[in-house]
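Some notes on the structure that comes next.
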Amino acid sequence: MQKLAKREEQIMQVFWKLGKAFIKEIIPEMPEPKPHYNSVATMVKILEEKGFLDHETIGNIYNYYPKVTREDYQKHAMKDIVSQYFDNSYPSMLAFFAKEQKISEQELGEILNLIKTEKK
């Protein structure tokens with residue numbers, strides 16, 4: 001799975017939120033500054049070529065929908081981050097967040113409980 005560029009990821013976030021959508025429905029959901037219709041259409045075509053989107057034809061227009069789930073992309077993105085920045089070590093990643101005070105002791109406990117629950 002390829003990593004998405006910033007604008008591609010923004011478009012995918014909208015598709016994950018809406019499910020199926022026409023290009024004209026995507027633009028209002030995009031952050032400011034709103035991209036031009038043609039720019040979104042080009043990015044949607046690229047996302048379809050990369051295998052992230054597919055479409056169904058309704059009349060003479062396309063209704064697009066995600067082929068990759070948000071969860072599958074999250075897994076891929078997290079593995080990539082852990083690999084690139086933490087030498088494939090999830091403990092190193094958690095230690096980084098704890099050190100930077102981005103995660104509390106209580107949250108670490110919650111993570112441990114989640115891990116224990118998932119292993120059962």
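The values are calculated or read from the model by the stated rules, or taken from the named source; none is laboratory data. Small disclaimer: the values here were computed from a predicted structure and weren't measured. Using ideal geometry, Cβ is built from the backbone for each residue, glycine included, and neighbour counts are taken over all protein chains shown. Ligands, DNA and RNA are excluded from the accessible area calculation, which covers all protein heavy atoms including side chains. Shrake-Rupley method; radii C 1.70, N 1.55, O 1.52, S 1.80 Å.
In the full protein assembly as shown, how much of S89 is accessible to a 1.4 Å probe, in Å² to the nearest 10?
Accessible area, nearest 10 Å²: 30 Å².
For the pairs K34/K67; K75/K116; K50/K102; K20/K75, note any where the Cα-Cα span goes beyond 30 Å.
Violating the 30 Å Cα-Cα cut-off are K50/K102.
Cut-off under 18 Å on the C-alpha distance; same-chain residues fewer than 8 positions from K99 excluded. Which aspartates and glutamates are left, in chain and number order?
Counting by Cα, and skipping residues close in sequence, K99 has these aspartates and glutamates nearby: D87, E107, E110.
Arrange the peptides 4-17, 54-67 so that the one whose residues have, on average, the most other Cβ atoms within 10 Å appears first.
4-17, 54-67
For the stretch 27-112, give the percent of accessible area contributed by carbon and sulfur heavy atoms, probe 1.4 Å, rounded to a whole number.
53 percent
Given (i) 10.9; (ii) 9.9; (iii) 11.5 as candidate values of mean projected area of the Cα convex hull in nm², which corresponds to the one derived from the coordinates?
(ii)
To the nearest 500 deg cm²/dmol, what mean residue ellipticity at 222 nm is calculated for the chain from DSSP H runs of n ≥ 4 alone, each contributing -39,500 (n - 2.57), summed and divided by the residues?
Taking each H run of at least 4 residues, the total per residue is -18500 deg cm²/dmol.
Contact order normalised by length for the stretch 52-98, with contacts defined as Cα pairs under 8 Å and 6 or more residues apart; what percent is it?
Here the relative contact order equals 21 percent.
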